[in-house]
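The values are calculated or read from the model by the stated rules, or taken from the named source; none is laboratory data. Worth saying up front: this structure is predicted, and the values here are computed from it rather than measured. Glycine also receives a Cβ, built like all others from the backbone with ideal geometry; neighbour counts cover every protein chain displayed. The accessibility values were calculated without ligands, DNA or RNA, using every heavy atom of the protein model including side chains. Shrake-Rupley method; radii C 1.70, N 1.55, O 1.52, S 1.80 Å.
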Amino acid sequence: MSVIRVGSAPDSWGVWFPEDPQQTPYTRFLDEVSASGYEWIELGPFGYLPTDPKQLSDELAAHSLKLSAGTVFEHLHQDDSWDAVWSQIEDVAKLTAAVGGKHVVVIPEMWRDPGTGAVLEDRNLTADQWRKKTEGMNELGKRMFEQYGVKAQYHPHADSHVDTEENVYRFLDGTSSEFVNLCLDTGHISYCGGDNIAIIERAPERIGYLHLKQVNVEVRAKVEAEDLPFGEACKLGAMTEPPLGIPDMPPLLGTIERLADEGKLTADIFAIVEQDMYPCAPEVPLPIAQRTQKYLSSCGIPSVTFK
């Protein structure tokens with residue numbers, strides 16, 4: 001029978017950066033994520049949690065937590081980007097593997113600044129830039145797995161070049177399933193106007209990892225009408241706690257379960273809860289995390305587990 005292992009992440013505590021005075025300290029995050037009923041977490045921004053493997057292992061063990069994945073950004077479409085991207089990947093992959101994680105979530109860097117909204121480059125890639133990104137990801141995923149035993153799970157993201165459903169398919173067509181699959185972030189797909197279930201059903205063999213997230217439809221409409229940057233959208237509450245937004249979780253999780261039971265999708269998959277809400281007051285995340293955990297456990301999907 002399939003297993004959907006649900007966890008949470010620093011992002012659900014308003015953490016976007018390794019260090020920031022507006023963020024929840026990592027010790028409080030670990031206390032609260034454990035108290036919310038989760039056992040699996042991600043690293044978050046490299047440097048937020050301890051980067052010494054023994055210290056991190058001890059912290060995880062003290063809170064009865066386990067690591068599912070690390071996270072890193074890429075800009076492989078840019079000239080001479082390989083060394084800079086690989087250096088970051090290496091740090092994250094090495095630490096992830098050292099404490100038992102099997103995945104690294106790779107996110108495309110955004111074409112406009114999430115904080116200021118400043119446009120950093122053209123929002124559309126040229127054909128040559130698409131080739132550099134996809135070929136670069138194939139090589140990145142191959143080296144990551146061969147050297148550290150971790151799998152690359154690529155995360156389409158708002159305000160990036162891999163954002164819409166169309167661009168997700170273009171990315172999948174240009175990459176190899178042997179070393180690169182999707183971290184399907186349900187919130188980012190819906191935020192960009194895509195259909196999560198359509199993507200899952202079209203390419204179930206490429207769904208290697210999930211981020212569970214919902215979008216406030218009213219805020220999304222405002223974002224689309226005014227072309228607001230992602231950081232501003234988050235401050236307006238673009239990402240909301242389930243079941244208050246889209247996509248609807250029971251049919252999505254049910255589709256994952258069905259395809260896994262049919263052997264079309266990995267039978268043991270992580271589904272990490274995220275709610276982009278930087279910045280947020282320190283008392284805000286814990287009650288949301290507790291309610292979300294209870295909601296997901298009540299969706300009636302037998303394969304959902306928090307172990």
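The residues in segment 263-289 that are touching a residue at least 60 places away in the same chain (Cβ under 8 Å) and within 18 Å of F29 (Cβ to Cβ) can be counted, and the count is 15.
Applying the criterion of being outside any helix (DSSP H, G or I) and of a type in the set (A, V, I, L, M, F, W, C) to the residues of segment 219-264, the residue that is surrounded by the fewest Cβ atoms within 10 Å (Cβ to Cβ) is L244.
Just one residue in the set G7, G70 is touching a residue at least 60 places away in the same chain (Cβ under 8 Å), within 23 Å of L172 (Cα to Cα) and crowded, with 17+ Cβ neighbours inside 10 Å; that residue is G70. Residues considered: L172, L184, L125, L140. Of these, the only one that is modelled with pLDDT of 95 or more, farther than 17 Å from H77 by Cα and open to solvent by less than 40 Å² (accessible area, probe 1.4 Å) is L184. For segment 202-218, filtering for residues that are open to solvent by 10 Å² or more (accessible area, probe 1.4 Å) and of a type in the set (S, T, N, Q) leaves 1. Evaluated against (1) modelled with pLDDT of 95 or more; (2) open to solvent by 10 Å² or more (accessible area, probe 1.4 Å), G117 falls short on exactly one condition, (1). Which of the residues belonging to segment 40-51 are touching a residue at least 40 places away in the same chain (Cβ under 8 Å), in contact with a Ser or Thr (Cβ under 9 Å, 6 or more places away or on another chain) and open to solvent by 10 Å² or more (accessible area, probe 1.4 Å)? W40, F46, listed by residue number. Here is the figure for segment 16-39: residues that are under 18 Å from V72 (Cβ atoms) and either open to solvent by 70 Å² or more (accessible area, probe 1.4 Å) or hydrophobic (A, V, I, L, M, F, W, C) (or both) total 3. Of the listed requirements (1) at pLDDT 95 or above; (2) of a type in the set (A, V, I, L, M); (3) within 21 Å of G44 (Cα to Cα), M277 misses just one: (1).
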